[in-house]
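The numbers here are math on the coordinates, done by the rules we state, and not lab data. Because the structure is a prediction, the values reported are computed rather than measured. No Cβ is skipped: glycine too gets one built from the backbone with ideal geometry, and neighbour counts run over all protein chains shown.
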Amino acid sequence: MSLLNVFDVSGSGMAAQTLRLNTTASNIANAESVAENPEDTYRARYPVFQATLSDQVGMMQRGQKDPLNPDALTPGTVTVPGVVESDKPLSLRYQPEHPYANDDGYVAYPNVSVVEEMANMISASRSFQINVEVMNTAKSLAERVLSLGQ
Amino acid sequence: MHPNALLLRAQRSEMLAANIANADTPGYKARDINFQEVLAQQTASHNQAGAMRKSDPRHLDGVAPQVFNTEQYRVPLMPSLDGNTVDVQLEQTEFAENSVQFQASLRFVNSRIKGMMTAIKGE
C-alpha cells in the first residue's frame, strides 16, 4: 500500500539529513584540529545524496517494488552512497611558536568553513522537520483508513 | 469513483513525499501526476472508451491496462545550480491539499458503508 511507502521514503530522508547533521557536527568540532603532517590534517566531510529510482516504467506510480528484486528499496527513497572529503586547500596560518609549524612557521588548519557549516546545519534541520511533518500526515491518513466503516 | 480516487491520492502522496525527501539530492527532478487526467482515464477504462466490443454476452470483459504513463516532471520556477527542481514550499502545499482531498474521498466511502450498515441492520 503506497501510504505505508511514505514511511520508507520520509524515513530515508530523515536518515540522510541526520547523517548530514552528523558530518556538520564533526566538521565544526574539528575546525581547529591540527596534525603533525599536513596530509593527516582533518578535511571537511560531506555526504553525497542519491535518489533511488525505479528502472521500470510506472512502478513508482503504482507504489510497487520490483518483483524480480524484492529486497530493493522503495523507489523515491534517499540513499547515501558515500561521504566525500573536501579538496579545498587547507588554510595556512603563521604560528612559528606552534609545535606543528613547518620550516616557514606555518601551521595547516582544516579547510572547514564554520559559516558554511552553520548554513548546512540549518538546512538539514529544516529538511528533517518537513520529513517528520509528512510522516505524521501519512500516519494520520493511514489511521483514518483503518477506522473506515466504524 | 471515490475508491479509485483514494488509491490515486495515496500514490500521489508517496510521490510528493519522495519529492520532499529528495529536496537536497543533486540532480533530482520533482515529479507529480496529473490527477484529473489519470482519474478520468481510470474511470473511462471501466466504462466505455477503450473497452472491448462484445458480439456475444458470454464473452469475457477485457482487463483494463494497469500501466498509465502519467508520471510527469514538474516545471521548476527556480531551478537550482545542482539540477534539483524540488520547490519544498510548493511540494508541501500540494501534499497538504492531497491529504485533505484524501480525507474527503474517505468520508464519502465511509458514509456509503454507513448507509449499507443501516440498511442491513434495519434499525
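Taking every alpha-carbon pair within the protein assembly as shown, the share separated by more than 32 Å comes to 43 percent.
Rounded to the nearest 0.05, the FRET efficiency derived from the C-beta distance between A:Ala35 and A:Ser125 at R0 = 30 Å is 0.50. Note on B:Lys114: aspartates and glutamates with a C-alpha under 19 Å away, same-chain residues under 8 apart excluded, are A:Glu143, B:Glu123. Taking other C-beta atoms within 10 angstrom as a stand-in for reagent exposure, A:Leu3, B:Leu60 fall in the order B:Leu60, A:Leu3, fewest first. Going by neighbour counts of Cβ atoms within 10 Å, the residues A:Met121, B:Met1 line up, fewest first, as B:Met1, A:Met121. In this simple spin-label approximation, A:Asp103 and B:Ser111 carry label points 7 Å from Cα along the Cα→Cβ vector, and these lie 8.7 nm apart. Residues B:Ile20, B:Ile33, A:Ile122, arranged from fewest to most other Cβ atoms within 10 angstrom of their Cβ, appear as A:Ile122, B:Ile33, B:Ile20. Scaled against the 2.2 N^0.38 Å expected of a compact globular protein of N residues, the Cα radius of gyration of the range A:2-56 reads 1.68. Temperature 37 °C, viscosity 0.692 mPa s: under these conditions the Stokes-Einstein estimate for chain A, based on its Kirkwood radius over C-alpha pairs, is 177 µm² per second.
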